[in-house]
Amino acid sequence: MRTSAICNQKGGVAKSTTVINMAAILARDYGKRVLVVDGDSQGNLSEFFGADPKNGNLAEVLRHGRDEGLFAIASIQPTNFAGVDILASADDLMDLDLTAAKEDPDKGEILRDMTIKLAELDQYDYILVGCPPAFNAAATAALVAADDVIIPIKLDAFSLRGMANLMRQVSNMRRINPTLRVSGILPTMWYKSSQIMDAEQQLRGSGLPVYPHIRRSDKVDDMTFDQQPLLECSPRSAAGVDYRRFVRQWMGGGADV
Ligand SMILES: Nc1ncnc2c1ncn2[C@@H]1O[C@H](COP(=O)(O)OP(=O)(O)OP(=O)(O)O)[C@@H](O)[C@H]1O
Ligand SMILES: [Mg+2]
């Protein structure tokens, strides 16, 4: 079993889009058993997969005392996509920073307890944790539990100037979990422009592992309306093709440095 966190504290870089399509490709193309953890109070993953927070959610789990992951496992629900289960998010996930998790740092281990127990039970092949655009209690719990992290990034001028910020994020992540591996930076929403291509080249010279990019495609917005992953609603779209290539490489280990 492998647990990967999809994180970037910057918003709107395709974290949720990446989790949705990874989960669908792993389940449908490879027949893998996938658990998605929605670590964001916006609840985009929970909504997409048709989960109801009333049937269990991460906020409750992070507030619960440690019990070898049993409460977390009981909070998992099936989704409308075969092969994919979810631990949903809830609105009040945001409030957690102000309350329980801060008072008791031990609670940051709760997701990790869950992954250890799930590995024992051999219930899933992959756990994908979608992080919020913040470094909060849920993101910390995700990074403590993860074996590796994928960092989606949008190649615009802001992100480029934020390169130092990105490096700082990686070192902060490693402070939280020293054995965490950066599987790779994933450039998303790529399109042909000299500035984007310069930015990509600069990223590739940074010393961090970088995956081949995911192209921009209008079908991604359609996907959110249709509530169907790209492999169902638009498998031949540029992004649909690129996500499959990305997942193949990610399964094989990670990105090239
Ligand atoms: N390859 C792509 N081509 C075109 N649009 C894309 C692509 N990937 C993502 N988008 C669009 O970009 C927007 C942001 O994507 P998404 O919600 O996945 O980002 P996020 O990092 O999860 O955002 P947040 O930080 O708010 O959680 C969405 O409108 C999505 O449809
Ligand atoms: Mg998101």
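The values are calculated or read from the model by the stated rules, or taken from the named source; none is laboratory data. Computed from a prediction, not measured in an experiment: that's the story for all the values here. Ideal geometry is used to build each Cβ from the backbone, glycine not excepted, and the neighbour counts take in all protein chains shown.
A few comments on the model shown:
- Cross-chain or 6+ apart pairs with Cβ under 8 Å, segment 188-203 first and assigned to a helix (DSSP H, G or I), then exposed (fewer than 14 other Cβ atoms within 10 Å of the Cβ): GLN195/ALA157; ALA199/ALA157
- Residues of segment 137-159 that turn out to be within 12 Å of ligand 1 (Cβ to nearest atom), under 13 Å from the mean Cα position of the chain (by Cα) and not in a helix (DSSP H, G or I), as a count: 4
- Taking segment 201-214 as the range and being within 16 Å of ligand 1 (Cβ to nearest atom) and surrounded by fewer than 19 Cβ atoms within 10 Å (Cβ to Cβ) as the test, only PRO212 passes.
- Scanning segment 14-24 turns up no residue that is within 17 Å of the chain's Cα centre (by Cα), modelled with pLDDT of 95 or more, within 16 Å of ligand 1 (Cβ to nearest atom) and surrounded by fewer than 21 Cβ atoms within 10 Å (Cβ to Cβ).
- Apart from one condition, ILE25 fits all of (1) over 20 Å from ALA145 (Cα atoms); (2) assigned to a loop (DSSP other than H, G, I, E, B); (3) touching a helix residue (DSSP H, G or I) at 6+ places or on another chain (Cβ under 6 Å); the exception is (2).
- Residue in segment 215-257 that is farthest from ligand 1 (Cβ to nearest atom), counting only those that are of a type in the set (Gly, Ala, Ser) and part of a helix (DSSP H, G or I): GLY240
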